[in-house]
Each structure stands twice: as structure tokens, then as C-alpha cells.
1. Given a Förster distance of 35 Å, report the FRET efficiency between residue 2 and residue 54 from their Cβ-Cβ distance, rounded to the nearest 0.05.
2. How many nm separate the modelled label positions at residue 132 and residue 176, each set 7 Å beyond the Cα in the direction of the Cβ?
3. Per q in 0.13 1/Å, what log10 I(q)/I(0) does a Debye calculation on the alpha-carbon atoms of the chain return?
4. What number, in percent, do you get for the relative contact order of the chain if the mean sequence gap of Cα pairs under 8 Å and at least 6 apart is divided by its residue count?
5. In what sequence, highest mean first, do 75-87, 32-44, 103-115 appear when ranked by Cβ atoms within 10 angstrom?
6. Can you tell me how much longer the chain between residue 68 and residue 29 gets when fully stretched, taken as 0.36 nm per residue apart minus their C-alpha distance, in nm with one decimal?
7. Label the range 15-102 by shape, choosing from rounded, prolate and oblate, from the square roots a ≥ b ≥ c of the eigenvalues of the Cα gyration tensor; if a/c is under 1.5 it is rounded, and otherwise prolate applies when a/b is larger than b/c, oblate when it is not.
8. Peptides 5-11, 117-123: what's the order by average Cβ count within 10 Å, highest mean first?
């Protein structure tokens, strides 16, 4: 029987929610990606990294890269979680900047997460403040509406985590074998 592992790095909980949904849908163990050094990858056929996107970086990628030697011959995929809507160009940009070298052929999937400035760290709120200052001066053609709405309404909370966002990843997992 196939054994599957989800490595998760979640700062505000959305990536963890997707990892938990994967556990329900796909029957897999879920571990924090920071524990990679203690994981025996030899017992797994599939390894999936689920990580939040922060300033263009996928959380947990460093852990995956450091463990890549142990993943040879296994099916590996990345599911990243961010606040922006799905955009194929942005996904390609994430892949190009995060999945380099021996990781370049790993498929990448995307699910939209959540936005709640009241839960953000000081540094993340500061970044939002900078975005707000910039967005005030942007017209509608130079700033995407979804981004302008987020940064201009700090008290609003958004939650786009949905099981259906896992479907492309689940289809990939069911159609391919390790």
C-alpha cells in the first residue's frame, strides 16, 4: 500500500488547513517541514510540501531542498498557499524562483489562503502598511483590484481556503504513480 507524507509550513494557519484536508482526502501523514531532519523518508512513496507564500518565497522550500537527496525516486509535489487569486503567470514566477536546480521538475499547485491583518506579525503588518502607502498612489490599471481591496481595508477578514482548490493536486496524485 502506498504511503504518503505531507510536509507543512504554515504561519497563519491556511497551509495547515490544506494539509489537514489532504490528510482527509488522500490518507497521508502530516509533519511540520521544520522536522525534516528527523523524518525517515524511505518509508514514503509520495512527499508533498504545503507551504504559505510570503514575499514570493514558499515556506518550507529550504527544508525540502535540504532533504532532496532522500526524495530520489519518490513522487514529490508542492502546494503553495497565498492571498492572491490563482494566476498562471504568478505560479510560473513562484516555480522559477523557488523550484531551482534538482527541484525544477517538481509540479507546483496553488490554493488561495486567508487574510487577517489582526493576526499578522509586526513585520507582516509593516509590509501591509508599505503596500497601503503605495496603493493610494496607484490607479486602477497599475494595481490589481484584489490587492488594492486587501491593503485598503485592514479590518476586513478574508478566507478563501476551499477543498476544491486541492483538486488539481489530487488529480495529479491519482493519475501518477511514484
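Each value in this text was obtained by applying a stated rule to the coordinates, not by laboratory testing. Treat the numbers as computed from the prediction; the structure is a model and nothing was measured. All Cβ positions, even for glycine, are placed from backbone atoms using ideal geometry, and neighbour counts span all protein chains on display.
1. Numbers: r = 31 Å, r/R0 = 0.90.
The formula returns an efficiency of 0.65 here.
2. Each label point lies 7 Å from its Cα, and together they span 4.2 nm.
3. -0.66
4. Numbers: 265 pairs, mean separation 38.0, N = 178.
Value for the chain: 21 percent.
5. Working: 75-87: 20.3, 32-44: 13.8, 103-115: 18.6.
So the order, starting with the most tightly packed, is 75-87, 103-115, 32-44.
6. Numbers: separation 39, 0.36 × 39 = 14.04 nm, distance 1.83 nm.
Length difference between fully extended and current span is 12.2 nm.
7. oblate
8. Values: 5-11: 22.9, 117-123: 11.4.
The packing order, highest mean first, is 5-11, 117-123.
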